[in-house]
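Written out below as structure tokens is the structure these notes cover.
The values are calculated or read from the model by the stated rules, or taken from the named source; none is laboratory data. The structure displayed is predicted, hence computed values, not measured ones. No Cβ is skipped: glycine too gets one built from the backbone with ideal geometry, and neighbour counts run over all protein chains shown. Each accessible area value is taken on the protein alone, full model and side chains, heavy atoms only, with ligands, DNA and RNA left out. Shrake-Rupley method; radii C 1.70, N 1.55, O 1.52, S 1.80 Å.
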2 protein chains.
Amino acid sequence: MSATAIAFPNIALIKYWGKRDEALIIPQTSSLSLTLAVYPTTTTVSLLSESAPHEVLQDGAPMPQAAAAKVARFLDHVAELAGTTRAARVETSNAGPTGAGLASSASGFAALAAAASAAYGLDLSPRDLSRLARRGSGSASRSIFGGFAVWNAGSDDLTSYAEPVDDARIDAAMVLGIVNAGAKPISSRDAMRRTVETSPYNAPWVATNPTELAFMRDALRRGDFTAVGEISERNALRMHAAMLGAVPPVRYLTAGSMALLDAVAELRNTGLEAYATMDAGPNVKTLCRSAEAASVRDALAAAAPGIEFVIAEAGPGVSVSDHGVSVSGQGPTAIAGPGAPR
Amino acid sequence: MSATAIAFPNIALIKYWGKRDEALIIPQTSSLSLTLAVYPTTTTVSLLSESAPHEVLQDGAPMPQAAAAKVARFLDHVAELAGTTRAARVETSNAGPTGAGLASSASGFAALAAAASAAYGLDLSPRDLSRLARRGSGSASRSIFGGFAVWNAGSDDLTSYAEPVDDARIDAAMVLGIVNAGAKPISSRDAMRRTVETSPYNAPWVATNPTELAFMRDALRRGDFTAVGEISERNALRMHAAMLGAVPPVRYLTAGSMALLDAVAELRNTGLEAYATMDAGPNVKTLCRSAEAASVRDALAAAAPGIEFVIAEAGPGVSVSDHGVSVSGQGPTAIAGPGAPR
């Protein structure tokens with residue numbers, strides 16, 4: 001009847017950009033991410049005693065209309081899976097900034113999927129939880145799992161889900177450079193659609209994905225941090241390049257982003273291995289070895305004085321407390337999660 | 001025996017990026033540019049009395065080795081066309097910065113082609129002068145002509161040449177934003193090669209060129225400044241996007257470039273039509289109506305206080321003075337040049 005879930009954002013190293021099916025959120029391509037140990041979303045879902053409108057609160061206040069409507073549609077779907085029309089009350093809170101390209105929708109819908117499915121009495125496998133989260137926000141499918149996760153594009157609702165990457169052999173962390181924590185000028189949903197519909201670079205973006213993903217999985221397996229970093233940075237730049245090709249062009253990277261890209265390249269010149277990745281916003285996330293994260297943060301902070309930097313180690317999958325009983329939704333992910341045997 | 005030529009840089013609105021033939025400089029795509037009335041190169045070529053090494057001076061001092069060797073190879077080619085092995089002395093000077101993405105190689109090789117061909121006694125048509133200049137630097141083929149010029153990619157040395165766009169009906173100028181006048185980190189020649197060889201976005205960059213060029217020519221013919229601007233800005237961003245797709249990525253745009261892109265977009269929001277274009281360097285050239293160039297410069301200078309802005313009106317084709325007789329090499333370009341009937 002009531003459940004609380006905590007989920008963490010994830011940052012893709014092989015990006016998700018562009019949908020094949022807008023309604024079911026089936027992506028054009030597979031993607032691969034690292035779940036982070038910062039900026040969790042905490043969400044409680046409580047069933048209401050009778051059929052009524054859903055109630056959606058964020059930080060104690062009604063969520064803005066468009067976002068609340070999306071949550072309500074998601075709850076309708078969960079209720080339907082549970083064979084009921086009962087409404088629910090959602091109370092959610094993000095520890096990090098919302099809608100700023102820091103994956104708040106990934107942690108948000110992962111937490112909502114876990115809390116809602118538990119509250120409605122569904123007993124979903126991690127895979128089915130991933131499929132459910134995907135319908136709220138594609139990248140949320142990956143935040144079900146800790147550490148590295150791969151979202152298999154699939155071709156329909158059944159075959160499009162994330163799963164842990166259980167043979168990764170690198171200890172990676174990210175240093176988040178908060179260039180701008182404000183909401184982005186165009187939603188990633190709209191920007192993706194424009195890219196798919198108008199950019200001549202969308203087709204090669206899609207066509208090169210299987211090879212890039214295979215290179216990345218192989219690099220993770222071999223524990224080749226340099227290769228992981230190089231593939232990540234070029235994949236991020238290619239995603240932004242595909243957007244730049246759209247009509248009109250989509251440009252998320254700002255002066256602050258470019259200054260950080262320069263700073264990250266300069267770190268490499270000085271022997272500190274760091275690689276940049278950027279999502280639908282100006283913020284630059286710097287991938288580095290976990291043991292070097294503090295050095296990387298200090299060096300970046302020195303190079304870009306006005307910018308806030310946050311170290312994010314690899315984080316866990318979603319967890320749920322249901323009627324006082326703690327249930328881990330992360331399934332087999334402990335294998336690739338932080339502190340797991342390697 | 002001795003001739004002096006003056007040529008001006010040009011900025012492409014439909015970009016040249018990538019060669020089909022490295023030796024002959026046959027491009028993958030056709031391109032279209034506006035010759036500017038600033039930053040001329042003045043070059044004097046004098047035949048030496050006997051067979052000897054060529055002498056190449058820039059601003060009175062020996063030109064750096066690699067650049068001088070390129071000029072010497074060019075002179076060898078001209079001498080061969082003239083049926084002689086006589087060497088020449090070259091004295092050249094750029095009024096603008098060299099190798100900074102401000103088209104110094106375009107003005108440079110256009111001036112050299114005109115001065116050398118005159119000094120060696122060749123009487124070339126504007127088209128053949130364009131073909132000759134092309135062999136020094138691709139974009140130089142367009143600086144033979146004033147105003148708007150199109151370089152037809154062609155498929156070999158005979159068919160790859162520029163010619164004036166004689167039906168353009170817009171009065172355009174550019175405001176050059178000198179983000180950085182230093183030499184670029186990677187030469188455009190090397191960056192082009194890397195793009196062609198490694199970027200998955202090169203194929204669609206090439207495939208979309210004929211349509212984009214046709215849109216541009218139609219917009220020029222109709223005098224549709226808005227369309228000319230929008231096509232220009234998206235073409236520039238797509239060229240940079242194709243480079244970002246390379247391995248390793250090629251990134252010429254800096255924090256300063258992005259700040260200017262934002263400023264140009266903001267100008268449009270305030271009703272002043274301006275569009276950005278960027279070449280192999282961080283500098284941002286803003287296309288605007290000639291009558292609004294001063295307003296655009298003032299607005300950009302207010303938005304980006306640290307940056308120098310230079311207004312560049314449409315400029316003339318190459319001109320040559322040969323033994324005291326002034327010879328215009330611009331041929332039919334007066335039709336599209338500044339002050340010409342429209």
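Which shape class, rounded, prolate or oblate, goes with the range B:172-313 when its Cα gyration tensor gives a ≥ b ≥ c as root eigenvalues, a/c under 1.5 marks rounded, and past that a/b bigger than b/c marks prolate? Please report the intermediate quantities before stating the final value.
On the way: a/c = 2.33, a/b = 1.27, b/c = 1.83.
The shape class here is oblate.
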Item to complete: Kindly write out, for the range B:57-64 in residue order, the coupling ³J(HN,Hα) from the Karplus curve 6.51 cos²θ - 1.76 cosθ + 1.60 (θ = phi - 60°), rounded to whole Hz, with x marking Gly and Pro.
Response: 10, 10, 6, x, 10, x, 5, x
Practice prompt. Could you pull out every residue, at least 5 positions away or on a different chain, whose amide H is within less than 5 Å of the one on residue A:63? Hs are placed 1.01 Å off N in the peptide plane, and Pro or chain starts have none.
Written response: A:56, A:57, A:58
Worksheet item: In whole Hz, what ³J(HN,Hα) sequence does the range A:295-303 give by Karplus (6.51, -1.76, 1.60; θ = phi - 60°), x for Gly and Pro?
Response: 5, 5, 4, 4, 5, 5, 4, 5, 7
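With a 1.4 Å probe and all protein chains kept in place, how do A:311, B:11 rank by accessible area, largest first? Intermediate results must be reported in sequence, preceding the final value.
Details: A:311 50, B:11 5 Å².
Order by accessible area, largest first: A:311, B:11.
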Worksheet item: Can you list the residues of the range A:179-217 whose accessible area drops by at least 40 Å² going from the chain on its own to the full set of protein chains, with a 1.4 Å probe?
Response: A:200, A:201, A:204
Worksheet item: Under the classification rounded if a/c is under 1.5, otherwise prolate if a/b is larger than b/c and oblate if not, where does the range A:133-243 fall, given a ≥ b ≥ c as square roots of the Cα gyration tensor eigenvalues?
Response: rounded
Discussion item. Tell me the volume per residue, in Å³, of the convex hull enclosing the alpha carbons of chain A.
Written reply: 123 Å³
Worksheet item: Considering protein heavy atoms only and a 1.4 Å probe radius, which residues within the range A:233-255 exhibit an accessible-area decrease of no less than 30 Å² in the full assembly relative to the chain by itself?
Response: A:234, A:237, A:238, A:241, A:244, A:247, A:249, A:251, A:255
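How much accessible area per residue does the range B:172-313 have, in Å², with a 1.4 Å probe?
Working: 5020 Å² over 142 residues.
Counting only protein heavy atoms, the per-residue value for the range B:172-313 is 35 Å².
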Worksheet entry | Whole-number accessible area per residue in Å² for the range A:16-89, which is evaluated in the context of all protein chains at 1.4 Å | 45 Å²
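Rounded to the nearest 500 deg cm²/dmol, what is the calculated helix-only ellipticity per residue at 222 nm for chain B, with -39500 (n - 2.57) per DSSP H run of length n ≥ 4? If you can, show how the numbers build up before the last one.
Working: 10 runs with 125 residues, N = 342.
Computed mean residue ellipticity for chain B: -11500 deg cm²/dmol.
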Worksheet entry | the protein assembly as shown: Lys pairs at Cα distance under 29 angstrom, eight or more positions apart or on different chains | 21
Practice prompt. Leaving ligands, DNA and RNA out of it, report the carbon-plus-sulfur percent of the accessible area of the protein assembly as shown at a 1.4 Å probe.
Written response: 53 percent
Item to complete: For helix B:126-136, report the angle its Cα long axis makes with the longest principal axis of the Cα atoms of chain B; keep it between 0 and 90° and round to the nearest 10°.
Response: 90 degrees
Response to the item:
Here, trypsin sites (Lys or Arg not before Pro) of the range B:181-236 satisfying both criteria (DSSP loop; at most 16 other Cβ within 10 Å) are none
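Multiply the residue gap between residue B:84 and residue B:214 by 0.36 nm, knock off their C-alpha separation, and tell me the result in nm, one decimal place. Don't jump to the answer; show the numbers that get you there.
Values: separation 130, 0.36 × 130 = 46.80 nm, distance 4.23 nm.
Using 0.36 nm per residue and subtracting the Cα-Cα distance, I get 42.6 nm.
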Fill in: Binned Cα-Cα distances of the protein assembly as shown, short to long, each 10 Å bin given as a whole percent
3, 15, 22, 20, 16, 11, 7, 4, 1, 0, 0
Response to the item:
Once all protein chains are kept in place, residue B:135 shows an accessible area at probe 1.4 Å, nearest 10 Å², of 70 Å²
Worksheet item: Roughly how many whole Å is it from the C-alpha centroid of the range A:19-70 to that of the range B:1-42?
Response: 54 Å
Item to complete: For residue A:26, list long-range residues whose amide hydrogen, built 1.01 Å from N in the peptide plane, is under 5 Å from its own amide hydrogen.
Response: A:20, A:21
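Ranked from the most accessible area to the least, with a 1.4 Å probe and all protein chains present, what is the order of B:279, A:218?
Values: B:279 30, A:218 60 Å².
From most accessible down to least: A:218, B:279.
Using protein heavy atoms only (no ligands, DNA or RNA), what is the total accessible area buried between B and A, 1.4 Å probe, nearest 100 Å²? Mind showing how you got there, number by number?
On the way: alone 13540 and 13540 Å², together 24940 Å².
For B against A, buried area totals roughly 2100 Å².
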Worksheet entry | C-alpha long axis of helix A:65-81 to longest principal axis of chain A, angle in ° | 60 degrees
Worksheet item: Which ³J(HN,Hα) values, rounded to whole Hz and listed in residue order, are derived for the range A:268-283 from phi using the Karplus coefficients 6.51, -1.76 and 1.60 in 6.51 cos²θ - 1.76 cosθ + 1.60 with θ = phi - 60°, glycine and proline given as x?
Response: 4, 4, 8, x, 9, 6, 8, 9, 9, 9, 9, 10, 7, x, x, 5
Discussion item. Heavy atoms of the protein only, probe of 1.4 Å, neighbouring chains included. What is the accessible area of residue A:148 in Å², nearest 10?
Written reply: 10 Å²
Worksheet item: Protein chains only, probe 1.4 Å: how do B:266, A:233, A:197 rank by accessible area, largest first?
Response: A:197, B:266, A:233
Worksheet item: Heavy-atom accessible area of residue B:225 with all protein chains present, probe 1.4 Å, nearest 10 Å²?
Response: 10 Å²
